[in-house]
Amino acid sequence: MIKITKFGGSSVADAEHFKKIKGIIDADPARRFVVVSACGRRFSGDSKVTDLLYLVDAHVNYHVSCDDLLADIGQRYFDIADELGLSYPIREEFSAFAERASKGGYTTEELVSRGEYFTARLMAEYLGLPFIDATDMVAFHHDGTLSMKRTAELVKKNAREGGFVMPGFYGATKEGKVKLLDRGGGDISGSILAQCLEADLYENWTDVSGFLSADPRIVEGAQPIPRITYEELRELSYMGASVLHEEAVFPVRDAGIPLVIKNTNAPEDPGTIISETAKEGDSEPIITGIAGKRGFLAINVARDRTKSRIGFMRRALSVFERYGVSVEHMPTGVDQFAAVVQASDVKDSLYSLVSDIQEEVEPLEIEVVENLALIATVGRNLRGRPGISGHLFGMLGQEGVSVRMITQGCDEINIIIGVEEKDFDLAIKTIYKAFSDENGIVKTSDLEPVRAPF
Ligand code: ASP
């Protein structure tokens with residue numbers, strides 16, 4: 001049995017957390033393959049080591065002294081090593097790094113990667129496992145994209161059967177040039193490793209007990225999601241439910257490896273299992289989760305009825321493409337359609353984009369609706385169940401929330417509504433209430449045999 005255990009920044013923030021990790025690793029002999037992020041925040045207002053390293057890089061580029069900054073970063077590692085009585089020569093290693101860094105001796109990627117490197121060095125000694133550098137495991141092409149083929153070869157060659165600790169977030173090109181993944185990319189490193197080692201499970205350890213069915217800042221007591229499919233997770237993450245890097249699902253999903261989100265501070269909590277299918281027999285929740293984002297706007301384009309319908313949308317959309325703006329949704333009517341986009345994507349170009357649409361399709365009218373929020377109600381069990389959306393819209397109506405836009409894909413796992421930003425919190429609370437009772441999200445078994453649920 002092979003379990004990949006990946007610990008995020010908050011899970012390796014200090015010596016206390018290292019101890020928690022040791023407890024987690026010792027509790028299960030299958031947990032021998034460990035991936036770590038760089039030390040994260042220890043308390044609110046604290047800084048992540050990765051952010052500090054980017055700051056060091058900026059100082060170096062602007063020829064400003066960064067000695068204090070480097071001293072602060074070093075101290076974090078020294079504190080961990082001292083408290084745990086580790087013998088890795090962290091002071092020597094770090095001061096050699098700091099000296100070279102302050103002279104501009106590293107590329108940005110090399111410099112920033114040292115956050116995970118030193119964390120992994122200390123963790124390896126503390127757990128009594130060998131250290132394997134990510135540059136010997138994770139391969140990049142020169143353009144900065146991952147080479148899965150060569151990564152698989154390297155893992156096969158360099159991985160140690162008995163287990164090891166590997167830094168996340170980076171790898172190297174064939175020539176040994178360090179390359180970074182996206183921010184939060186340690187999740188991807190763990191997922192890649194799980195795929196290459198054909199793991200049975202990918203455990204992603206963080207500081208929350210999995211995904212919650214709604215944002216707890218909006219819905220008090222929102223329930224954790226016990227199981228979620230990859231498809232549902234994509235929908236929820238896209239709408240802002242962020243616990244895991246979005247790209248981290250692909251390697252394990254392709255390999256059919258389940259992924260579980262666990263809490264380093266509460267290891268006994270079941271967390272959220274993410275897998276291809278998520279059947280729980282009769283006790284399936286009616287919805288899986290609700291997530292939403294503010295900051296959208298809709299550009300409504302009404303057709304001049306004297307002109308041909310054919311090519312109208314394509315021509316209008318080509319303008320968005322030219323501006324490199326992604327159209328998130330497109331509710332349509334007989335003679336008009338709306339393109340819903342992120343307001344930040346058109347922050348500097350809205351005026352010229354609208355006038356280019358005007359020129360391109362000569363519409364009857366163009367209207368921009370600002371301050372929209374989108375809310376996705378996601379659930380594999382929405383599929384084929386009449387009455388769900390009726391209930392959702394009925395409840396929103398009762399609460400006086402005006403729905404400005406609706407979309408539902410034919411796969412029926414997602415109902416997306418657009419509301420005015422001022423109604424965002426109320427709409428989410430109302431939808432949660434619509435599908436829950438005092439025991440949390442209502443189960444499908446509670447709805448049977450009545451088909452229309454409420
Ligand atoms: N340390 C990196 C970051 O802060 C990568 C990670 O934590 O996964 O983005």
| query | How much accessible area per residue does the chain have, in Å², with a 1.4 Å probe? | reply | 46 Å²
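Taking segment 47-145, which trypsin sites (Lys or Arg not before Pro) meet the DSSP loop condition and have no more than 11 other C-beta atoms within 10 Å?
Numbers: sites: K48, R76, R91, R100, K103, R114, R121; in loops: K48, K103.
Passing sites in segment 47-145 are K103.
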| request: Please find the FRET efficiency linking R160 to D46, where r is the Cβ-Cβ separation and R0 is fixed at 45 Å, and quote it to the nearest 0.05. | output: 0.85
| task | Determine which aspartates and glutamates satisfy two conditions relative to K293: a Cα distance under 17 Å, and not lying fewer than 8 residues away in the same chain. | result | D215, E232, E235, E246, E328, D345, E370, E420, E421, D423, D425
| remark: With all protein chains present, segment 310-414 has a carbon and sulfur share of its accessible area (1.4 Å probe) in percent of 48 percent
| request: Any chance you could run the full-extension gain for M330 through A302? It's 0.36 nm times the residue separation minus the Cα-Cα distance, nm to one decimal. | output: 8.8 nm
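For a quick protection proxy, order the peptides 13-26, 399-412, 197-210 by their average other-Cβ count within 10 Å, most packed first. Mind dumping the intermediate values first?
Working: 13-26: 17.8, 399-412: 14.2, 197-210: 21.4.
Ranking, from highest mean packing down: 197-210, 13-26, 399-412.
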| message | Restricting everything to alpha-carbon atoms, can you work out Rg to Rh for the chain with a Kirkwood hydrodynamic radius? | response | 1.02
| field | Computed FRET value (nearest 0.05) for R100 with A266, which takes r as the C-beta separation and R₀ as 56 Å | value | 0.90
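Can you bin segment 198-261 into rounded, prolate or oblate? Criterion: square roots of the alpha carbon gyration tensor eigenvalues sorted a ≥ b ≥ c, rounded for a/c under 1.5, prolate for a/b above b/c, oblate for the rest. Please report the intermediate quantities before stating the final value.
Details: a/c = 2.32, a/b = 1.77, b/c = 1.31.
Judged from the Cα gyration tensor, segment 198-261 comes out prolate (a/c at least 1.5, a/b above b/c).
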| At D26 and K149, where each label point lies 7 Å from the Cα along Cα→Cβ, what is the point-to-point distance in nanometres? | 4.5 nm
| message | Please list, ordered by chain and number, the residues whose modelled amide H lies under 5 Å from the amide H of R32; skip anything fewer than 5 residues away on the same chain. | response | K3
| Formal net charge of residues neighbouring I24 (Cβ-Cβ distance under 11 Å; K, R +1; D, E -1) | +2
| said: At 1.4 Å probe size, put Y351, Y62, Y432, Y106 in order of accessible surface, largest to smallest. | reply: Y351, Y62, Y106, Y432
| remark: With 0.36 nm assigned to each residue of separation and the Cα-Cα distance removed, S445 to Q358 gains 26.1 nm
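Using Cα-Cα distances under 8 Å and only pairs 6 or more residues apart, what relative contact order does segment 294-410 have, in percent?
Numbers: 134 pairs, mean separation 43.6, N = 117.
Averaging sequence separation for qualifying contacts and normalising by length gives 37 percent for segment 294-410.
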| task | Mind putting a number on the dipole of segment 328-440 about its Cα centre? Charges go on the C-beta only, +1 for Lys and Arg and -1 for Asp and Glu, and I need it in Debye to the nearest 20. | result | 800 debye
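Take the alpha carbon gyration tensor of segment 237-299, find the square roots of its eigenvalues, order them as a ≥ b ≥ c, and report rounded if a/c is under 1.5; if not, report prolate when a/b exceeds b/c, else oblate.
Values: a/c = 1.57, a/b = 1.47, b/c = 1.07.
Prolate shape, in that a/c is at least 1.5 and a/b is the bigger ratio.
How do M148, M137 rank by accessible surface area computed with a 1.4 Å probe, from largest to smallest? Let's see the in-between values first.
Numbers: M148 65, M137 0 Å².
Output order, biggest surface exposure first: M148, M137.
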| request: Count the lysine pairs in segment 318-454 whose Cα atoms lie under 28 Å apart, taking only pairs 8 or more positions apart in sequence or on different chains. | output: 4
| note | In whole Å, largest first, the alpha carbons of segment 266-409 cover along the principal axes 59, 34, 31
| Relative contact order of the chain, defined on C-alpha pairs under 8 angstrom at six or more residues apart (%) | 13 percent
| remark: Rounded to a whole %, the carbon-and-sulfur portion of the accessible area of segment 22-158 at a 1.4 Å probe is 50 percent
| Just how much of T306 is accessible, in Å², when a 1.4 Å probe is used and the result is rounded to the nearest 10? | 120 Å²
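For the chain, what is the calculated [θ] at 222 nm in deg cm²/dmol (nearest 500), taking -39500 (n - 2.57) for each run of four or more DSSP H residues and dividing by its residue count? Don't skip to the answer; put the middle values down first.
On the way: 14 runs with 162 residues, N = 454.
Theoretical 222 nm ellipticity from helices: -11000 deg cm²/dmol.
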| said: Could you check the spin-label model distance between D411 and R383? Points 7 Å from the Cα along Cα→Cβ, value in nm. | reply: 0.9 nm
| message | Quick check on segment 57-189: take the gyration tensor over C-alpha atoms, sort the square-rooted eigenvalues as a ≥ b ≥ c, and tell me if it's rounded (a/c under 1.5), prolate or oblate. | response | oblate
| field | Cα radius of gyration and Dmax for segment 356-454 (Å) | value | 16.6, 56
| query | What span do the alpha-carbon atoms of segment 158-224 cover on each of the three principal axes, reported in whole Å from largest to smallest? | reply | 51, 27, 16
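Any chance you could run the full-extension gain for E321 through S344? It's 0.36 nm times the residue separation minus the Cα-Cα distance, nm to one decimal.
Working: separation 23, 0.36 × 23 = 8.28 nm, distance 1.57 nm.
Extra length from E321 to S344 when fully extended: 6.7 nm.
The values are calculated or read from the model by the stated rules, or taken from the named source; none is laboratory data. Given the structure is predicted, the values throughout are model-derived calculations rather than measurements. As a convention, Cβ positions derive from the backbone with ideal geometry for all residues, glycine included, and neighbour counts pool all protein chains shown. The accessibility values were calculated without ligands, DNA or RNA, using every heavy atom of the protein model including side chains. Shrake-Rupley method; radii C 1.70, N 1.55, O 1.52, S 1.80 Å.
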